[in-house]
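The values are calculated or read from the model by the stated rules, or taken from the named source; none is laboratory data. All of these numbers come straight from a predicted model, not from anything done at the bench. Cβ atoms come from the backbone with ideal geometry, glycine included; neighbour counts cover every protein chain shown.
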Amino acid sequence: MSDKKPERRDFLFTATYAVGAVGAAAVVWPLVDQMNPDASVKALASTEVNVSSLKPGNTITVLWRGKPVFIRRRTQEEIDVARSVKMEDLIHPEKDEDRAKNPEWLVMLGVCTHLGCVPLNDKGDYDGWFCPCHGSHYDTSGRIRKGPAPWNMEIPKYEFVNANTIKIG
Amino acid sequence: MSDHEYTPKSKAGKWFNDRLPLLTLANHLTDYPTPKNLNYWWTFGGILTFCLITQIVTGLVLAMHYIAHADMAFESVEHIMRDVNYGWLIRYIHANGASMFFLAVYIHIFRSLFYGSYKSPREIIWIIGIIIYLLMMAAAFMGYVLPWGQMSFWGATVITNLFSAIPFVGEGVVTWLWGGYSVDNPTLTRFFTLHYLIPFLILGLVVLHIWALHVPGNNNPVGIDVKKPSKDTVPFHPYIVIKDGFALLMFMIVFAFFVFYAPNILGHADNYIEANPLVTPAHIVPEWYLLPFYAILRSVPDKLLGVVAMLSAILILAVLPWLDTSKIRSAVFRPLYKQFYWILVADVLILGYVGAMPAEGLYLLIARVATAYYFLHFLVILPVLGLKERTIPLPLSITEPVLGGSPNMAMAKKKESKIE
């Protein structure tokens with residue numbers, strides 16, 4: 001830079017650039033934010049499912065926010081296997097007690113945490129789920145045991161409205 | 001621009017040209033001095049221009065019948081195939097045209113790699129080309145989503161999920177890209193918009209690509225500078241126009257074979273099943289032209305590093321002019337580089353093959369070795385080779401190897417002394 005002292009004009013330039021930058025950002029933001037989920041998408045935030053016909057050992061898949069949700073009524077054997085796993089054997093350590101508050105019911109997003117495919121039921125080395133896309137194996141609690149996925153399958157917010165109905169979201 | 005001043009012959013032409021020098025531009029393009037030793041590998045620039053125009057024209061008419069809505073997209077594509085007059089033809093040209101476009105662009109890129117066309121003073125041409133290539137991949141990916149079949153849907157899910165590997169903001173970026181909590185209607189409509197926009201961006205970049213080319217002029221198989229205009233050059237019209245035209249005809253025969261005899265051979269049967277967010281197809285594969293990069297993605301066991309490796313594999317090409325330290329352009333005069341060049345070609349083909357196979361066992365091992373070699377080629381072999389390699393002496397001019405019969409400097413010198 002030169003030794004010239006800042007003048008009135010330099011101040012005006014700087015002020016103009018600053019106001020211009022703020023103005024440009026204010027115009028760009030709506031153009032960017034319009035791509036985020038809109039009000040109608042957000043309005044579909046919860047789904048109620050009747051699970052009275054589900055027998056132990058069976059899974060139903062329901063669509064919530066465009067994503068599949070697995071609802072599995074687990075057998076006692078599956079619960080025992082899931083609860084007897086040592087934490088140090090897990091890639092993403094989470095207790096089964098924390099994932100399924102009511103041990104008979106496992107409610108989770110049927111979305112592989114690797115790249116978003118839908119894993120297959122009753123498959124894989126741990127008799128839980130197996131993702132056909134890139135070979136991730138999940139156990140009977142939906143926890144990642146083997147393969148490229150970094151985390152366990154996600155547990156969404158849900159509650160039992162009554163004995164037969166689960167509200168997801 | 002041409003070295004001589006151009007004046008239109010007619011009075012009206014002169015009047016117009018003084019106000020907007022379009023005729024000067026046309027004259028520059030027809031008279032443009034071109035090295036006379038260009039071989040058929042140099043005809044792919046023209047072929048690529050043809051591919052771009054074909055995609056824009058067929059895409060424009062497909063957009064007149066296609067409906068970008070998750071409930072109607074799949075049916076509207078079937079409507080194009082069955083009801084619209086010649087709809088089947090236009091769609092098959094567009095779908096196979098994408099593959100032909102990539103076939104041509106890969107030949108064009110590997111031509112540049114062999115003859116060193118990316119080296120000084122042509123770095124900007126090369127970088128613009130890499131940007132065009134990136135835009136082509138984006139356009140092809142989004143175009144593949146539009147029919148809303150199973151491969152469309154799950155391809156879109158897997159590729160957009162790559163962004164979730166970004167630390168901290170990944171999930172937010174993916175939701176923003178989707179416009180929801182999964183790939184759905186908002187995703188489809190924005191992909192359609194961008195798929196429509198990108199070809200015109202490419203068209204603009206092609207103009208810059210050619211403009212940047214016309215400043216230093218074409219490289220050539222010998223890779224030495226030509227004086228222009230001189231005995232080393234011929235005017236673009238009619239010499240190169242005819243040669244490009246003939247090559248284009250040959251290319252169109254291959255194109256027509258796919259369109260009329262094997263229109264679905266490069267696609268996936270799963271994409272004739274409508275998108276179903278509850279069921280993932282057993283084996284997800286991208287289109288053939290993205291397979292080498294898909295193989296690199298899958299060969300890295302970590303999610304974030306896999307994405308980084310895949311992107312680096314493409315972006316490393318942009319800095320190639322500075323990674324290759326050799327001043328000699330053409331591989332003809334670089335005996336070692338020539339061998340490494342063919343190993344790289346084989347390496348990329350192997351990556352493409354394992355990219356189509358399941359990522360397990362031997363395939364995974366091969367993919368890892370091939371990925372490592374790919375980066376080794378650009379980051380180690382090229383910089384070292386430029387410093388160590390003993391190159392063959394360059395001829396004095398592009399005419400000399402033809403008339404003198406040998407590219408050997410000693411013989412050239414002898415001949416020179418004889419002339420004296």
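List of remarks:
For every residue, the table says whether it meets (1) in contact with a Lys or Arg (Cβ under 6 Å, 6 or more places away or on another chain); (2) closer than 30 Å to residue B:268 by Cβ; (3) at pLDDT 95 or above.
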site: B:317; (1), (2), (3): no, yes, yes
site: B:342; (1), (2), (3): no, no, yes
site: B:346; (1), (2), (3): no, yes, yes
site: B:358; (1), (2), (3): no, yes, no
site: B:367; (1), (2), (3): no, yes, yes
site: B:377; (1), (2), (3): no, no, yes
site: B:380; (1), (2), (3): no, no, yes
site: B:402; (1), (2), (3): no, no, no
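- Single residue of the range A:130-145 satisfying the filter (without any contact (Cβ under 8 Å) to a residue 40 or more places away in the chain and crowded, with 24+ Cβ neighbours inside 10 Å) that is nearest to the other protein chains (Cβ to nearest Cβ): A:133
- Taken residue by residue, the range B:342-355 has at least one member that is free of Cβ contacts under 8 Å to residues at least 12 places away in the same chain and either within 14 Å of chain A (Cβ to nearest Cβ) or closer than 11 Å to residue B:113 by Cβ (or both).
- Residue satisfying all of: in the range A:51-70; part of a loop (DSSP other than H, G, I, E, B) and facing chain B (nearest Cβ under 9 Å); surrounded by the fewest Cβ atoms within 10 Å (Cβ to Cβ) among these: A:66
- Elements of the type strands (runs of 3 or more DSSP E) sitting completely within the range A:100-141 and holding at least 1 residues that are modelled with pLDDT of 90 or more and of a type in the set (Phe, Trp, Tyr): these cover A:105-109, A:128-131, A:136-138.
Residues checked against (1) within 21 Å of residue B:284 (Cα to Cα); (2) crowded, with 22+ Cβ neighbours inside 10 Å; (3) in contact with a helix residue (DSSP H, G or I) (Cβ under 7 Å, 6 or more places away or on another chain):
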{"position": "A:77", "(1), (2), (3)": "no, no, no"}
{"position": "A:83", "(1), (2), (3)": "no, no, yes"}
{"position": "A:91", "(1), (2), (3)": "no, no, no"}
{"position": "A:95", "(1), (2), (3)": "no, no, no"}
{"position": "A:99", "(1), (2), (3)": "no, no, no"}
{"position": "A:107", "(1), (2), (3)": "no, yes, no"}
{"position": "A:112", "(1), (2), (3)": "yes, yes, no"}
{"position": "A:117", "(1), (2), (3)": "yes, yes, yes"}
{"position": "A:120", "(1), (2), (3)": "yes, no, no"}
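- Flag for residue B:260 being at pLDDT 95 or above, loosely packed, with under 13 Cβ neighbours inside 10 Å and not polar (S, T, N, Q): yes
- Conditions (1) closer than 24 Å to residue B:100 by Cβ; (2) touching a residue at least 12 places away in the same chain (Cβ under 8 Å); (3) more than 14 Å from chain A (Cβ to nearest Cβ); number of the one not met by residue B:264: (2)
- Of the helices (runs of 4 or more DSSP H) that lie entirely inside the range B:1-115, those containing 1 or more residues that are in contact (Cβ under 8 Å) with a residue 60 or more places away in the chain span B:22-31, B:44-63, B:73-82, B:87-115.
- Number of positions in the range A:25-50 that are among the charged types (D, E, K, R) and more than 12 Å from every other protein chain (Cβ to nearest Cβ): 1
- Any hit, the range B:163-182, residues being modelled with pLDDT under 95 and touching a strand residue (DSSP E or B) at 6+ places or on another chain (Cβ under 9 Å): yes
- Residue among A:156, A:148, A:103 that is surrounded by 15 or more Cβ atoms within 10 Å (Cβ to Cβ), within 11 Å of chain B (Cβ to nearest Cβ) and over 18 Å from residue B:298 (Cα atoms): A:156
- The range B:149-176 residues that are without any contact (Cβ under 8 Å) to a residue 40 or more places away in the chain and within 9 Å of another protein chain (Cβ to nearest Cβ), paired with ones that are assigned to a helix (DSSP H, G or I) and among the hydroxyl-bearing types (Ser, Thr, Tyr) (beta carbon under 6 Å, 6 or more apart): B:174/B:160; B:174/B:164
- Which numbered condition residue A:30 misses (of (1) surrounded by 10 or more Cβ atoms within 10 Å (Cβ to Cβ); (2) modelled with pLDDT of 90 or more): (1)
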